[in-house]
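Novice: Below are the structure tokens for one structure; questions will follow.
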Amino acid sequence: VAPIRVLVLGTGQMGSAIARLLLDKPGLQLAGACGKRPERAGTDLGLAIGLGRHLGLPIHADLETAVSASRPQVAIQATCSRLLDAAGEIETLVQRGVHVVSIAEEMAYPACASAPLAERLHRLAVAHGVSVIGTGINPGFVLDVLVVTLSAVCAEVDSITATRVNDLAPYGPTVLRSQGVGLMPEAFREGLARGSVTGHIGFEQSIHMIADGLGCEIERIDQTREPIVSRVHRATPYVTVEPGHVAGCRHTAVGYRRGAPFITLDHPQQVCPELEGVATGDAIEIRGRPGVRLSGSPEIPGGAGTAALAVNVIPRVLAAPPGLHTMLDLPVPAAMLGDTGGVGRRASACATS
Ligand SMILES: NC(=O)c1ccc[n+]([C@@H]2O[C@H](COP(=O)([O-])OP(=O)(O)OC[C@H]3O[C@@H](n4cnc5c(N)ncnc54)[C@H](OP(=O)(O)O)[C@@H]3O)[C@@H](O)[C@H]2O)c1
């Protein structure tokens, strides 16, 4: 079977990690890349993603050209966070008959940002016989898909609390800017008011995904965002944080059901938390019958986890009916070992029989 040809959109931190992972997967072929930065156009992809060798694949600056040159079956979008920014590229790909996996946060549950635009993408995907999905570590897995999956053992759910304490150091400038990393606390608050600092993007998506997965309604979502001010010097390849400057954002969201908090998501994100003795980790608590608690430290790695999810979901996206999907619509996500990652297995068959 010929490997599945994959085009990567974006050669930032995530796009590069995804491209490197694709090179390791026998059932997949890195077919090309399209970048946003004009100055990188024509650069060999292997050099751009830090392989230290040529791949013979120049980075394209124009998506139509990239599709013509690489003839992909599927594209992974790692260029942006917002549905409005993601939609144009997705429409171009869908119209060319290319399946799409996006890690844009708002694509994890696109109707939250715009139901009409989500509907338009769905109709377009159906018309062109391809599937589109949003995934990623969060939203897309830790604070939603994993919560929904754990709730499967509960007869009743009274409330849910999930916390993710993570390290922003693996992320590129897009994420760091949106978290206000490196700013003075006053500039962080001004950025919040202006909208240039957003904290985590994806709480609405996660809360609605959980509620829809459980089959209940959320009346309103309240959110708070506070700067995490550093007491020490911290540095990543993209940002330097001096003492007194902002290392990240503690962002919390509460979804209300029947007038009471039902889903609480707490997400303090900062660069290099270990420098102040902060341990990263994920914790989910479902109060109900039975109650369920699951926690682990350190955090499930955000960068590597997002790259793996974007790649692992490919066989499931190709096997899905045409249309716009969420992670709740596809079979249980899993690592992609072998060429197909388990897609196509039948319950009546057993590998050893
Ligand atoms: N759902 C999730 O769990 C999840 C997880 C991780 C990230 N994300 C989202 O996915 C997107 C990509 O993440 P990322 O960490 O790869 O972001 P990134 O490194 O900032 O790259 C994103 C875009 O910014 C451009 N870019 C990168 N470095 C730049 C620079 N120095 N100057 C100007 N432009 C630059 C890249 O251009 P080129 O196209 O030219 O490379 C790329 O298209 C972000 O919007 C992020 O929020 C979602």
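Novice: Only one of (1) under 25 Å from Arg289 (Cα atoms); (2) crowded, with 17+ Cβ neighbours inside 10 Å; (3) of a type outside the set (A, V, I, L, M) fails for Thr236. Which number is that?
Specialist: For Thr236, the exception is condition (1).
Novice: I've got another one for you. Hey, among the residues in segment 122-140 that are within 30 Å of His251 (Cα to Cα) and touching a Leu at 6+ places or on another chain (Cβ under 8 Å), which one's farthest from the ligand (Cβ to nearest atom)?
Specialist: Step one: list which residues in segment 122-140 are within 30 Å of His251 (Cα to Cα), which gives 132-140.
Of the ones still in play, those that are also touching a Leu at 6+ places or on another chain (Cβ under 8 Å) are 132-133, 135-137, 140.
Values: Val132: 15, Ile133: 11, Thr135: 7, Gly136: 2, Ile137: 4, Gly140: 5 Å.
Top of the filtered list is Val132.
Novice: Further question on the same structure: Restricting attention to segment 46-57, report how many residues are away from the ligand (no atom under 15 Å from the Cβ) and among the small types (Gly, Ala, Ser).
Specialist: Residues meeting the conditions: 2.
Novice: Hey, could you check segment 58-91 for residues that are polar (S, T, N, Q) and under 20 Å from Ile133 (Cα atoms) and say which is farthest from the ligand (Cβ to nearest atom)? Before the answer, list the steps.
Specialist: Pass one, segment 58-91, residues polar (S, T, N, Q): 65, 68, 70, 73, 77, 79, 81.
Filter again for under 20 Å from Ile133 (Cα atoms), leaving 73, 77, 79, 81.
Details: Gln73: 21, Gln77: 8, Thr79: 4, Ser81: 4 Å.
Selected residue: Gln73.
Novice: For segment 12-45, how many residues are over 19 Å from the mean Cα position of the chain (by Cα), away from the ligand (no atom under 12 Å from the Cβ) and outside any loop (DSSP other than H, G, I, E, B)?
Specialist: 8
Novice: Do you know which residues across segment 146-174 are more than 17 Å from Gln270 (Cα to Cα) and either assigned to a loop (DSSP other than H, G, I, E, B) or open to solvent by less than 10 Å² (accessible area, probe 1.4 Å) (or both)?
Specialist: Result: Val147, Cys154, Ala155, Ile160, Ala162.
Novice: Kindly indicate whether any position in segment 260-270 is of a type in the set (A, V, I, L, M), surrounded by 14 or more Cβ atoms within 10 Å (Cβ to Cβ), closer than 18 Å to Asn138 by Cβ and modelled with pLDDT of 95 or more. Break it down into steps so the answer makes sense when it comes.
Specialist: As a first pass, look at segment 260-270 and keep what is of a type in the set (A, V, I, L, M): 260, 263, 265.
Filter again for surrounded by 14 or more Cβ atoms within 10 Å (Cβ to Cβ), leaving 263, 265.
From the residues that got through so far, the ones that are closer than 18 Å to Asn138 by Cβ too are 263, 265.
From the residues that got through so far, the ones that are modelled with pLDDT of 95 or more too are 263, 265.
Yes, there is a match, as at least one residue in segment 260-270 is of a type in the set (A, V, I, L, M), surrounded by 14 or more Cβ atoms within 10 Å (Cβ to Cβ), closer than 18 Å to Asn138 by Cβ and modelled with pLDDT of 95 or more.
Novice: Please go through segment 271-322 and pick out each residue that is of a type outside the set (S, T, N, Q), open to solvent by 20 Å² or more (accessible area, probe 1.4 Å), in a helix (DSSP H, G or I) and within 28 Å of Ser178 (Cβ to Cβ).
Specialist: Those that are of a type outside the set (S, T, N, Q), open to solvent by 20 Å² or more (accessible area, probe 1.4 Å), in a helix (DSSP H, G or I) and within 28 Å of Ser178 (Cβ to Cβ): Glu274, Leu275, Glu276, Ala304, Ala308, Leu309.
Novice: Go through (1) within 16 Å of the ligand (Cβ to nearest atom); (2) farther than 24 Å from Gly302 by Cα for Glu190 and report which single condition fails.
Specialist: (1)
Novice: Sort out which residues of segment 175-225 are part of a helix (DSSP H, G or I), closer than 29 Å to Leu328 by Cα, open to solvent by less than 40 Å² (accessible area, probe 1.4 Å) and of a type in the set (A, V, I, L, M), and write them in order of number.
Specialist: Val175, Leu176, Ile207, Met209, Ile210, Ala211
The values are calculated or read from the model by the stated rules, or taken from the named source; none is laboratory data. Since this is a predicted model, take the numbers as computed values, not measurements. As a convention, Cβ positions derive from the backbone with ideal geometry for all residues, glycine included, and neighbour counts pool all protein chains shown. Calculation scope for accessible area: heavy atoms of the full protein, side chains included, ligands and nucleic acids excluded. Shrake-Rupley method; radii C 1.70, N 1.55, O 1.52, S 1.80 Å.
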